[in-house]
Structures are given as structure tokens and as C-alpha cells.
1. Would it be correct to say that residue 56 is surrounded by 15 or more Cβ atoms within 10 Å (Cβ to Cβ) and over 30 Å from residue 228 (Cβ atoms)?
2. Taking the options 240, 207, name whichever one is surrounded by fewer than 22 Cβ atoms within 10 Å (Cβ to Cβ) and touching a Phe, Trp or Tyr at 6+ places or on another chain (Cβ under 7 Å).
3. Here is a check on your reading of the model: is residue 555 of a type in the set (Gly, Ala, Ser) and out of contact with any His (no Cβ under 9 Å at 6 or more places or on another chain)?
4. Return yes or no: is residue 403 over 23 Å from the mean Cα position of the chain (by Cα) and crowded, with 19+ Cβ neighbours inside 10 Å?
5. For region 358-400, which residues satisfy the criterion of being crowded, with 20+ Cβ neighbours inside 10 Å, assigned to a loop (DSSP other than H, G, I, E, B) and among the small types (Gly, Ala, Ser)?
6. From 487, 516, grab the single residue that is modelled with pLDDT of 95 or more, touching a Gly at 6+ places or on another chain (Cβ under 9 Å) and assigned to a strand (DSSP E or B).
7. Quick one: would you say residue 258 is out of contact with any Cys (no Cβ under 9 Å at 6 or more places or on another chain) and closer than 23 Å to residue 338 by Cα?
Amino acid sequence: MASIVAGTFHQATPNLSPVATKACQVTGNGALATRKVPPFLKSLFHTSRNKFLDVLVDALYKPDKERNIYYQENFSPVEEVGSWTPVQVIDGEIPQDFPAGTYIRNGPNPYLLDESILISPFGKLYCHWFEGDGMLHATRFDQGGKFITYKNKYVDTMAHKIEKNTKKTSFLRAVEGDSLAISASYLLNFLRFGKVNGPTCNTHVFKLAGKLYAVAEADIPHEIDLSSLNTLGTLDFSGKWKGPFTSHSKFDLEKQELVIFGFNAKSPYLQIGIVSKDGDLIQKTDLELDRACFIHEISITKNYTLIPDFPLTINMNRLLKGSGRLVEFENNSSSRIGVMPRYGDSKSVRWFEVEPGYSFHAVNAFEDSDEIVLHALFSKIPFFPTPNGVDRREWFARGITPTDPRNARDPQVDGALLANLREWRFNLDKGTVVERNLTSLETCGIEMPKINKKFTGRKNQFAYAQVVDVEASKVVGMPKYGKFMKVKLPESCEDEIDVKYHDLGANRYGSEPLFVARPHSTDEDDGWIVSYVHDEETNKSEVYIFDAQKFQDQAVARIGLPQRVPYGFHSDFFF
């Protein structure tokens, strides 16, 4: 997410070419001749230029004393614990058939919190929640949980390496703040580092061809050593994939291939790729869109890829002209979803106009008789970015308060941030789409949906999600999730959903509810839900494990951790 993580947009650009690689002189006939500059002069020039730019940034940008709303309470960062630390079950016991493996959750953890708001002659810059440095929180189990250890570690991106060495902010923030300040950030970042945004890799983790990667929309994936959590390098498919890379790749278990995508502020605005099980990029397709949109997650079925094209747009001209910000939600613009054959191209996409709004996260998609069904979370407006000229805490509080649209002061604010579980049914033969909310005012406000991964792209019955605690979230202006939800999805367009809840208890808030299947299970929901849970009364964090089939029962095991785990983004379990 990155990432503009949960979420995040980070525009990648080619490496900055040396400014003075050649010296030009005019020959006798007026033609230009070139002469290479000696390497030591180039090095001297770059060193001097970089020192000058560093001094300039230090002079222009100063930490502000204002408290950053994105990093308070358990949203604030923690330090690395160091080596793997043994931890104990403090309540219940680990099931004997709980698999051996490592539960890893990614999330934003700014290395330099005291510089999370910068003031400059151009205005303020805010380090958005989506911009924090990536930190992996890992809990490792042997078979049956006889020995459990915990470790957390930063993803060692280029930006993080610079900040460790200099103890100063490297890339200037460029997501929220005054327009002129953001424009200046892009320019200075590009001049200093050859990129307008720094990599964070703070949103998700995935495995490909036996290797583990951390990722955000900011940059290409970074390889992580599973045994140490050390960062090993990056993944660009031998130079075939350059620029942003999805936080939500989709692995087709039957076809043994990974579907990826990346959106960009410049053309090509959206590319979709297919990667073989061996890690080779075997197809890359430019969707040839005429606008850049922030697309956090696509979906796949057995034969199709579903592309949400909602109007959270990215427009550099808007920023440079001072008429708006780089990323803005255009609520009067069109919303549509594309259905593309898995190996198709831009001309094979069928686009369906749908109700205006936004979808950050998808649940699943599948083919059902003559229809293609998509289940995803849908809200009237996105959580990001905060509109200009409003008090963020007030705007957020109104946005997450359940409100009947007939009684809303402003339907684009009141209750507009609450996400519903939504269903779209596409009929390619008829060219029609039928859509409906499966949840209501009483059951909305959900996020971070997960399913049994074996059913990705295939018809599934169950989904799991976090449920927002409205009152607790309103106090801090950030989302806290005090319950988990299990949904039994409808069999047909006439059916309703069945909902069960797991309440974490007073002052306890969870992370994404990850489903871990019981080994050799046949039932879709035969397994466990695993999540990092924080107790705000004791300021301690734990790993919760509870039975997915006995969803409303208390946790079968709670594991104490050596320090708190901040609220964060996405997770997975690696064997």
C-alpha cells in the first residue's frame, strides 16, 4: 500500500545521465566536436554537485515541530530487535498440525521519524503513512510451534542505506504537502539521485522461483533472504521490467505463472506482465491507456485479467501548473473495469462502465457459467490523498462514520471512506455488467481482504477481512481494526452473504487476517487465521492464531513478542 503502501505512487525514472560527460568546442568550420572528460574530472564534478545539492536541501528543509498524524501511537516506528529472538505462547497452544514456516508482514516504519514533517520556503511536506521505510516483521515456527522466534528488519533499499549513513532524510517526501513543495521535491530528488521518489518496499511480500521479495509500487522488488531477512538485491527480469511494480501480483497455481503489473505517471501508463514459475518474464503488454491511474490491485480468473480503472489519477502537469496535486481523486470522472484475456493485448480488453468510486483491494475473481464475477472492496472515495484545505482528522472522522446518503451533509465526504464488499458480474456475450454491494451500513468499513490462496482465480466460498473500529479511529484520524470478519460469499446473484465476526476485545487492534491452510486440507476454510494484534492498554503486541472454521471462538494460541509491532500492510506465510 503502499508505496503511495497501503499503497503508494512512486514514479521511477531512468538514471540521471552525467551533466558533463563531454566538453564541446567549436571547430574552424563551425561544427561541434567533442572530447571526453577524464574520469577524475567527472568524479570531481559529481562529488561537488552532490555536496552542493545536499547543502541546499539542508538549508531549505527543516524538521517541523508539528505532530505527524500518520505516525502516532502504534502507528509510530520501532527499532530492529537484532537477531532472531525466542518467543513463547502466553495463552493456549499451537496446534500440532500447524505448519512449519515463517509468517511475515510488511509495513511502513520511518527511519527518521523526527523529519516526518519538513518546512521549507515552498511550503510543508508530510511523510504520508504510505511513504515510511519498509520493515518486515517475521515470526518463525517449527512443526507444531515447539520453537518460535521473532525478528524484524528494515528492507535495505537505496534510500534506507543513505539515511543510515547520513542520519538525514535522503529522498524528500512527495505524496502530501503544498503543491510547490512537492514540485521542488521531485526536482531536487531527481537532481540528487536520478529518481523523483525513493524506494520503500513497505507494502507486501511474495515468493517467486524459490526466492522471497519485498515490494511496493515505489520500485522494483527487493530480494530478501528468508533465513536472515537481509536484503540481497533487486528483481528486474534481466532488464525487461523497468519502473513501478505491483504490490499485488497474482499467482495462478494451476498454470504455475505470476501475473504482474505496474502503473506509471508517464506513458506507458499501465503495463501487465506474465512471469513463468522459473521467474522469466514471458509477456509484457502496454494497455495503451490515455490517463495514469493509481491501481493498487488487479484480479485474475482462469482465462482473464480484470483491470480496475478508477479515477484516482496521476497528473504531473496538474502539479507543475499549480492547478492541483500529482495524485487526486476526480469524482466526476469515469470509472470502469476492463476484462482482458490472460494472453491478450490492449485491443482485446473489454471495458465496462461501472458506478463511480474507488477500489483499493480485491477479494477474488472467477468464471461462473457465462459470467465473470469479481468481488472487491469499494468506497465512494479513496483513503488517499487527503483533500487540500481540510482538517484531516475531521475529514477522516466524517468519512468513516456510517451515514445514510439521504442524511449526509456531503455524500462525497460523509461515510464515503467506508468500504463495502461489492460484486460485479460481467457477461461478455451480452456486453453487460450487474453490480451490487454485498454489505450494508451495518457491515461495511472493511479492509485487507484475504482468501485461501489455492482458490485465486477460481470460484471460492470464503473471504476474511478487518473491520474498522469507527470511534477509536476517529480519535487519531487513522484506521484501527478491532474485529475480523468471515464472509460466506453468495452462490448466485440472488443470494446474500453470511457474516461472522471475531472480536479482538477492548483496546486490541489487528493487522491483515492471513489464512494459513491446514496441511493436506480439502475444505476451503480448513485452517487458521494469523495476525499481529496490538493491545493499546499494555502497549504490547502478540501473534494471534485462531481456527477459521470456529471463527467466533477465542484464539487457539497467543504468542508474546519482545516489542510492539506497528500497524501495517500485507502479509504471507512462507514454507
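The values are calculated or read from the model by the stated rules, or taken from the named source; none is laboratory data. Here the structure is a predicted model, which means the values were calculated and not measured. No Cβ is skipped: glycine too gets one built from the backbone with ideal geometry, and neighbour counts run over all protein chains shown.
1. Numbers: surrounded by 15 or more Cβ atoms within 10 Å (Cβ to Cβ): no; over 30 Å from residue 228 (Cβ atoms): yes.
Against the criterion (surrounded by 15 or more Cβ atoms within 10 Å (Cβ to Cβ) and over 30 Å from residue 228 (Cβ atoms)), residue 56 does not qualify.
2. Values: 240 fails: touching a Phe, Trp or Tyr at 6+ places or on another chain (Cβ under 7 Å).
Exactly one of 240, 207 is surrounded by fewer than 22 Cβ atoms within 10 Å (Cβ to Cβ) and touching a Phe, Trp or Tyr at 6+ places or on another chain (Cβ under 7 Å), namely 207.
3. Numbers: of a type in the set (Gly, Ala, Ser): yes; out of contact with any His (no Cβ under 9 Å at 6 or more places or on another chain): no.
Answer is no for this residue.
4. Working: over 23 Å from the mean Cα position of the chain (by Cα): yes; crowded, with 19+ Cβ neighbours inside 10 Å: yes.
Taking the combined requirement at face value, the residue satisfies it.
5. The answer is 359, and nothing else.
6. On the way: 487 fails: touching a Gly at 6+ places or on another chain (Cβ under 9 Å).
Exactly one of 487, 516 is modelled with pLDDT of 95 or more, touching a Gly at 6+ places or on another chain (Cβ under 9 Å) and assigned to a strand (DSSP E or B), namely 516.
7. Values: out of contact with any Cys (no Cβ under 9 Å at 6 or more places or on another chain): yes; closer than 23 Å to residue 338 by Cα: yes.
So residue 258 passes the test.
This table checks each residue for (1) among the polar types (S, T, N, Q); (2) under 23 Å from the mean Cα position of the chain (by Cα); (3) surrounded by fewer than 23 Cβ atoms within 10 Å (Cβ to Cβ).
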residue: 144; (1), (2), (3): no, no, yes
residue: 158; (1), (2), (3): no, yes, yes
residue: 166; (1), (2), (3): yes, no, yes
residue: 169; (1), (2), (3): yes, yes, no
residue: 177; (1), (2), (3): no, yes, no
residue: 189; (1), (2), (3): yes, yes, no
